[in-house]
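Each reported figure results from applying straightforward, stated rules to the coordinates on display, with no laboratory input. Because the structure is a prediction, the values reported are computed rather than measured. Here the Cβ positions follow ideal geometry from the backbone for every residue, glycine too, while neighbour counts run over all protein chains shown.
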Amino acid sequence: MKNKIRVLVVEDNPRYREVIALALKQEPDIELAGEFGTAEIALRSLRDRVGGELPDLVLLDLHLPGMDGLEALPRFLAAAPAAKMMILTQSDNEADVLRAISLGASGYLLKSSTVGTITDGIRSVMKGGASLDAGVARFILSTLKARLSKSSSDGLLTERQREILALLGEGLLKKEIAERLRISYATVDEHVAHIYERLGVRNAPAAVNQAHQLGIFPSGGHRDRQSGMGG
């Protein structure tokens, strides 16, 4: 049987943490690797797991007592380099969204999300994609569109790479992009790797955020999708 996705939950609200923990335990392909009320205790737990199993994904709240989620995020990545970081918070503050993504978060969901959205988001992130709340995705895309003016960064990506970047921003997975553009999955995968390398990022949300910062976006429109962002 395929190994379960080990998820570490860092959430200070005990009732909400219990709800999430119980929901994860109901999923046959997900294993609760631990639940903590503060980032400091969670990080200490990871440091103590010498030779033990580390989580595959950390589900992290932003507003925590003591060390907040944004401060803790890079520390979790240092303690568990292979783990994916997924934000689960009440904050839809634009600065929090962009900061979390720039620090390496592969997903950003609000606590208003359904349990199904959260578990589906975990699976999407572990498949190499990402998961963004629909409102957060629309914000990122709208800010990206606001920077359509040409800049000195236009030559950073090829036309095809900018096209693929736009589809990543719409939430398409690599397989879906390949079908949309009628090219092979391997070709899409190679282009995505080059996009990440040239933009200096590690995942799709960070690529879209970096494109926003640089003013990069392909010509032509595209439609918004209220789904997870695929990478």
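By a straight-distance test (C-alpha under 17 Å), which aspartates and glutamates pair with Lys4 as possible cross-link partners, with residues fewer than eight away in the same chain excluded? List returned: Glu27, Asp29, Glu31, Glu35, Glu53, Asp56, Asp120.
Between Arg198 and Asp120, the distance separating the two model label sites (each 7 Å from Cα on the Cα→Cβ line) works out to 3.2 nm. Per-peptide packing, taken as the mean over residues of other Cβ atoms within 10 Å, places 202-211, 36-45, 14-23 in the sequence 202-211, 36-45, 14-23 from highest down.
The radius of gyration of the Cα set in segment 1-93, together with its Dmax, comes out at 12.6, 40 angstrom. Of the residues Asp133, Asp92, Asp56, the one with the fewest other Cβ atoms within 10 Å heads the list, and the complete ranking is Asp92, Asp56, Asp133.
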